[in-house]
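Below is one structure, written out as structure tokens; the observations come after it.
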Amino acid sequence: MAETSLKEQLSSAVKDAMRNKDKTRLVTLRMAQSAVRQIEIDERRDLSDDDVLKVLDKMLKQRRDAASQYDEAGREELGDKERAEMVIIEEFMPAALTEDDLDALIRMAISATDASGMQDMGKVMAELKPQVLGRVDMGHLSKKVRAALAG
């Protein structure tokens, strides 16, 4: 049997959340489904799993940013809500990379692009992005690549 697509997994999870009357999960998953559908409508095409991962990754980043802003503003309950949504979205993401795996990928990307300094940061990031999508925070990746290029 063929592996189920990420869109099918989302759809199935929405149905389970409805059956289990899990409101937070249902709202979060419907938001993700809606974001995917919106892009499909706007671009008039079916999204691949990689495209869906990009959507989910963007949603995670938005929630991470919102949670930290709420925390800074002393609105812990809203920050907690954002973090709860992040946990739900992360279930659909590939397993996170370990720091060692990430370092190895960065070394390979630097070697593959013949990068020699900060001016090559864009080339290295472009090489890494498809390999790490949804598996690492891009801000963290950027800092690590910058450090590696700085030598």
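The values are calculated or read from the model by the stated rules, or taken from the named source; none is laboratory data. Every value quoted in this text rests on a predicted model; they were computed, and no experiment measured them. Every residue, glycine as well, gets a Cβ built from its backbone with ideal geometry; the counts of neighbours run over all protein chains shown.
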Q) Here is a list of conditions, (1) within 21 Å of the chain's Cα centre (by Cα); (2) surrounded by 15 or more Cβ atoms within 10 Å (Cβ to Cβ), and residue 120 meets all of them except one; can you say which number that is? A) (1)
Q.
Filter segment 115-141 down to the residues that are assigned to a helix (DSSP H, G or I) and under 27 Å from residue 9 (Cα atoms) and list them by number.
A. 128, 129, 130, 131, 132, 138
**Q.** In segment 7-33, residue farthest from residue 88 (Cα to Cα) [restricted to those that are acidic (Asp, Glu) and in a helix (DSSP H, G or I)]
**A.** 8
Q.
When you check residue 48 against the structure, is it of a type outside the set (A, V, I, L, M) and more than 21 Å from residue 129 (Cβ to Cβ), yes or no?
A. no
Q. Any chance segment 95-114 includes a residue that's in a helix (DSSP H, G or I) and within 17 Å of residue 59 (Cβ to Cβ)?
A. no
(Q) From the list 66, 148, exactly one residue is modelled with pLDDT under 95 and either small (Gly, Ala, Ser) or touching a Ser or Thr at 6+ places or on another chain (Cβ under 7 Å) (or both). Which is it? (A) 148
